[in-house]
Amino acid sequence: MHKLKLDILFHPLKQPPFGHSAAAAAATKSFNATLHRLSSEGFHHHALLTYNSMLKSSVPPDPFTFPTLLKACISLNLLRHGLLLHQHVVVNGFSSDSYIGSSLISFYSSFGITEDAQKVFDTMPERNIVPWTTVIGCYTRTGDFEHAFYLYNSMLHEGIKPTSVTFLTLLSGVSESIHVECLHTCIVKYGFVGHIALLNSMLNVYGKCGRIEYARKLFEWMDEKDIVSWNSLVSGCALVGNTEELLTLMYRMRSENSWPDHQTYGALVSAIAKDGSAEFGKVVHGQIVAAGFELDVHLQTSLMFMYLKCRNMDYTFKIFERAKDKDVVLWTTIISGLVQNERADRALEVFQSMLCSRIEPSTTTIASALAACAQLGSLKVGTSIHGYMLRQRMAIDTPAQNSLITMYSKCGYLKQALIVFHMIKNRDVVSWNAIVAGNAQNGHLSMALHLFNEMRIAHQRPDSVTVVCLLQICASIGAYQQGKWIHNLVVRSYLEPCVKIGTALVDMYCKCGDLDSAKKCFDRVIERDLILWSTIISGYGSHGKGETALALYMELVQSGLTPNSIIFLSVLYACSHNGLVDHGLNLFDTMARDFKIEPELEHCACIVDLLCRAGRVKDAYNFYKMKFPEPMANALGIILDACKTKTLEELRDVVAKEISELDHEDAGRYVQLAHSYASMGQWEGVGKTWVQMRELGLKKLPGWSFIDLHGVITTFFMGQTSHPQQEDIMLVLKNLSEEISERLHCLLSELPRDILSVIFNSNFPPASNRLTLPAITRHSMLVASDLLKESKTYFLLRSEIVKDPLPIMATVNIML
């Protein structure tokens, strides 16, 4: 490409000495013809160089010279040259020319300088329909429809009638149905009902506004229809996802001898992608091949997107490999699709192939590759991509910077994430969400809330993603007060209520133990989905409110929603943890019988747990043998624990043998098996289990807990001695343990011996001995609770059962 050197344009303007003779007019006309030819052929650089030669030859320009030159400046994005051409227009006295004025308005409009475009329009002494239409288009392109319609009304007030181009200009930027309806009325009023381009434009806008019924009526009313008319209606149906009507239109097109083109098929493929019907997509793909559009790069991209949405990787790669001209859009489509389908490793391989193919990635491609690194937690690859961006001096936009923040946050490098965040000039809500979520997910709740507050100070309104992210971290760590503060902020900020925020609030309150607030939040949600129902049912089930969970399930069924497998898992969990055996078994049967949902292994494991907790261990084992096609260590582990509790030695031996024959990499199962052999006195089995565990290189993670202090989460592991305040912690624990033991001994010594025998399954120790509580089964706790309620005493017991030699800690609160 030639380097543009317009020396004369950068020098002070001088009046050309060429006179206004016939020869000068002929020379000007010749140069104008050359300029027009070069512009029409797309040689805009040469057009500007020709103008340079024209000035050097002292040939005077005329009003027909400048519109072509201004068009060249628009195409080449040369603002400075256009401004100098405007000076030439003024010096040569052509400012009043309506044709040049319209070109200047278009020039300023193209560079977003609306104020200067308006000034040019206001200084024009005579304004015909051309400058009026141009200035209206200026405001339409910027989305200022109010001003555009104001100018349209001012034009009518001055007695200038609109043309079809005026209406096409207005329709090009309309996005609301009320505007297109008004323009439709004006088009009928001024007699343009037979103008097919206008009618096609209205069809397109009606479709984009979701007014398919209006588009359909207009389409049926049209006397003449071309392929654009059909495609406009097809695109509208595709936007609302009306696949059935699209098929009807396709058959009707053929019957009326108007054959679908690549745009028709593109709209149809987009609708199928939304619907997610892979089989239907294959049929349409076959039609595309039969019609000869298989090699169209836009259709190839749409087909790949459709198959990715349908999670059909084989067909996606077949189309990709057959594509001859792979552009950056095609590469980006497959990379982003693989990331969305949780195939981040494959996405990075494709990205590497793209770089090897010498295809320069766009910022969207980079953002997708960084999302793959975030998904894998691959800091090494992520920093390599960041380095590539810096070496190539890519113009990094905000979405790419947002992806960098997410990548560094997912890899645990919050310092780097904050550096990138502070480098963003135009932060959007995604930028704030990324940095807030990064801090929250890495356990820095205090910093996350601080950034959230900074977001509000910066007048960036939080959206549902921000709120849901913070509520999820509050739920996971039990940060009740912070969760309530966020809820209060949601109410005061007038955030639009949605099911996502409602679900997050219900989940947070349930996990923090405030079921009343959870139920209030649940009741306020108008349109409830299955995720919300599952959350509230699980919440009540995990807090010992099995009957309430079942009542909510019945309410769900009566509301007309069809429960899915997740709902049944939540209800079965509630039944399992609340001893509702008959209800649980009945629900399990209704899955396949009434709702045609085949139980998965998770549902079967719930039933095993349900039967084991109810003491029906042999029934649980029989159910396991009947429902599990392959051995499952988790289910066998539940049965093994139940066998130890119920002293079923024969069944315990069988289950332990089955577990030992499994090849699994869960260290916890080996520990459980070793404890089982130890309880049976089979020390040889204990030794073999430990040896097998060591040979596999497995190590059981120690038990742990955490505490949130001033927004900082501190984690404690069992047996940990490295904490800087270890001595103080152990001293406090020792004092608490002694005080609890003394108070517990005094309180329990006042209870009747029959209740104590039920609770401890042993004789109560003498007062002189230190009280050490044995492991108390849930069944014993329930029995004791019933006995105590009869004597007007309410007994609440929380026991932390740990499988190590340390004494078992228990906290007992007795409320009379």
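The values are calculated or read from the model by the stated rules, or taken from the named source; none is laboratory data. A quick note: this is a predicted structure, and the numbers were derived from the prediction, not measured. Every residue, glycine among them, receives a Cβ derived from its backbone with ideal geometry; neighbour counts consider all protein chains shown.
Is there a residue in segment 307-323 that is in contact with a Leu (Cβ under 9 Å, 6 or more places away or on another chain) and charged (D, E, K, R)? Checked against the condition, which is being in contact with a Leu (Cβ under 9 Å, 6 or more places away or on another chain) and charged (D, E, K, R), segment 307-323 yields at least one hit. Within segment 257-272, being free of Cβ contacts under 8 Å to residues at least 12 places away in the same chain and over 20 Å from GLY292 (Cα atoms) holds for no residue. Residue check: HIS184 meets all listed conditions (1) farther than 29 Å from MET304 by Cα; (2) surrounded by fewer than 15 Cβ atoms within 10 Å (Cβ to Cβ) but one, namely (2).
Residue by residue, here is whether (1) surrounded by fewer than 19 Cβ atoms within 10 Å (Cβ to Cβ); (2) free of Cβ contacts under 8 Å to residues at least 12 places away in the same chain; (3) in the same structural domain as LEU505 (by TED's automatic domain parsing); (4) within 35 Å of the chain's Cα centre (by Cα) holds:
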residue	(1), (2), (3), (4)
ILE567	no, no, no, yes
ASP582	yes, yes, no, no
CYS612	no, no, no, no
ARG616	yes, no, no, no
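Highlighted here are the helices (runs of 4 or more DSSP H) found entirely within segment 469-534 that include at least 2 residues which are within 30 Å of GLN558 (Cβ to Cβ) and not hydrophobic (A, V, I, L, M, F, W, C): 499-511, 515-524.
This table checks each residue for (1) under 20 Å from the mean Cα position of the chain (by Cα); (2) surrounded by fewer than 22 Cβ atoms within 10 Å (Cβ to Cβ); (3) modelled with pLDDT under 90.
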position	(1), (2), (3)
TRP432	yes, no, no
GLY438	yes, no, no
ASN442	yes, yes, yes
ASN453	no, yes, yes
ALA458	no, yes, yes
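The residues listed here are TYR265, TYR214, TYR251; of these, the one that is under 27 Å from ASN312 (Cβ atoms), surrounded by fewer than 23 Cβ atoms within 10 Å (Cβ to Cβ) and of a type in the set (Phe, Trp, Tyr) is TYR251. Listed here are the helices (runs of 4 or more DSSP H) enclosed by segment 311-359 that have at least 1 residues being free of Cβ contacts under 8 Å to residues at least 40 places away in the same chain and of a type in the set (Gly, Ala, Ser): 328-340, 344-356. Figure legend. Inter-residue proximity from segment 462-479: first residues of a type in the set (Ser, Thr, Tyr), second residues buried (at least 21 other Cβ atoms within 10 Å of the Cβ), beta-carbon distance below 9 Å, spacing 6+ or different chains. Indicated pairs: SER464/ILE501; SER464/ALA504; THR466/TRP432; THR466/ASN433; THR466/VAL436; THR466/ALA437; THR466/PHE452; SER476/LYS511.
Sub-6 Å Cβ pairs linking a first residue in segment 528-543 that is touching a residue at least 12 places away in the same chain (Cβ under 8 Å) to a second residue that is of a type in the set (S, T, N, Q), at least 6 apart or interchain, are LEU530/ASN564; ILE531/THR503; LEU532/THR503; SER534/SER570; THR535/THR503; ILE537/SER570; SER538/SER570; TYR540/THR548, ordered by first then second residue.
The number of residues in segment 379-412 that are in a loop (DSSP other than H, G, I, E, B), under 22 Å from the mean Cα position of the chain (by Cα) and either among the aliphatic types (A, V, I, L, M) or within 23 Å of ASP345 (Cβ to Cβ) (or both) comes to 3. Candidates in segment 586-610 are the residues that are under 17 Å from GLY546 (Cβ atoms) and hydrophobic (A, V, I, L, M, F, W, C); of these, the one that is farthest from the chain's Cα centre (by Cα) is LEU610.
In the set GLU245, GLU224, GLU181, only one residue is in contact with a helix residue (DSSP H, G or I) (Cβ under 9 Å, 6 or more places away or on another chain) and outside any helix (DSSP H, G or I); that residue is GLU224. Cβ-Cβ distances below 9 Å connect the following pairs, each with a first residue in segment 638-665 that is farther than 12 Å from LYS618 by Cβ, a second residue that is part of a loop (DSSP other than H, G, I, E, B) and at pLDDT 70 or above, and a separation of six or more residues or different chains: THR645/GLY615; GLU658/PRO631; ILE659/PRO631; GLU661/PRO631; LEU662/PRO631; LEU662/MET632.
Just to verify a result, which residue in segment 161-178, among those that are part of a loop (DSSP other than H, G, I, E, B) and closer than 17 Å to ALA215 by Cα, is modelled with the lowest pLDDT? Taking the candidates together, the pick is SER175. Selection of first residues in segment 190-218 that are over 19 Å from SER175 (Cα atoms) and of second residues that are of a type in the set (Asp, Glu), restricted to Cβ pairs under 9 Å at least 6 apart or on distinct chains, gives the following pairs, ordered by first then second residue: GLY194/ASP223; GLY194/GLU224; ILE196/GLU224; ILE196/ASP226.
Residues that are free of Cβ contacts under 8 Å to residues at least 12 places away in the same chain, surrounded by fewer than 20 Cβ atoms within 10 Å (Cβ to Cβ) and not acidic (Asp, Glu) are absent from segment 97-110 altogether. Tell me, please, whether a residue that is at pLDDT below 90 and aliphatic (A, V, I, L, M) can be found in segment 502-517. No - not one qualifying residue is present in segment 502-517.
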